[in-house]
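For reference, the structure discussed in these notes is given below.
We did not get these values from a lab; they are worked out from the coordinates using the rules stated. Small disclaimer: the values here were computed from a predicted structure and weren't measured. Cβ placement follows ideal geometry from the backbone for every residue including glycine, while neighbour counts extend to all protein chains displayed.
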Amino acid sequence: MPLGDPCGGEFRYTDEGLPSCVSAVSVRCRDVRESEGFYCDLLGFETVAEEGGAVFMRRGDAVLILVRGDVPYDTGLYLGVDNPYDLHRRLIDEGVVFVRDPMNSPIGVYTSFRDPSGNTVHAVDSRGRL
């Protein structure tokens, strides 16, 4: 709720300061080093920093923060890819376990797979419907 203008005028918020994108996503991992290898070697991320046991990774505009955690979970992370079918084929060849083969959805074609910690990660057509 706006506080108003201290001089008595009416104040209205615009969209300044509101979020325009998701800046980074953290992913809990049993073994941060093993997961770092997976995200680098198979998904093309690059490690850019390490701090306090966390590994900061980037690929294009996508930023991941790998942190220590014990429980596999659905990350809710949807990585934008040019073609989920191509990623699916590439990761199948590498022995990655898939939870969902590529399928249509309201956000476009997507597929879901497990990282080394058993977390579910999704990949969606970056030219999808939304």
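Gain in length, Glu46 to Asp82, computed as 0.36 nm per residue apart minus the alpha-carbon separation, to one decimal in nm?
11.1 nm
Mind checking the full-extension length gain between Arg12 and Asp61? Use 0.36 nm per residue of separation minus the Cα-Cα distance, one decimal, nm.
Contour length minus the Cα-Cα distance gives 14.4 nm.
For the chain, the longest stretch holding no GluC sites (Glu not before Pro) located in a DSSP loop with at most 12 other Cβ atoms within 10 Å is which?
17-93
What longest range of the chain stays clear of loop-exposed chymotrypsin sites (Phe, Trp or Tyr not before Pro) (DSSP non-H/G/I/E/B, at most 15 other C-beta within 10 angstrom)?
Answer - 14-72.
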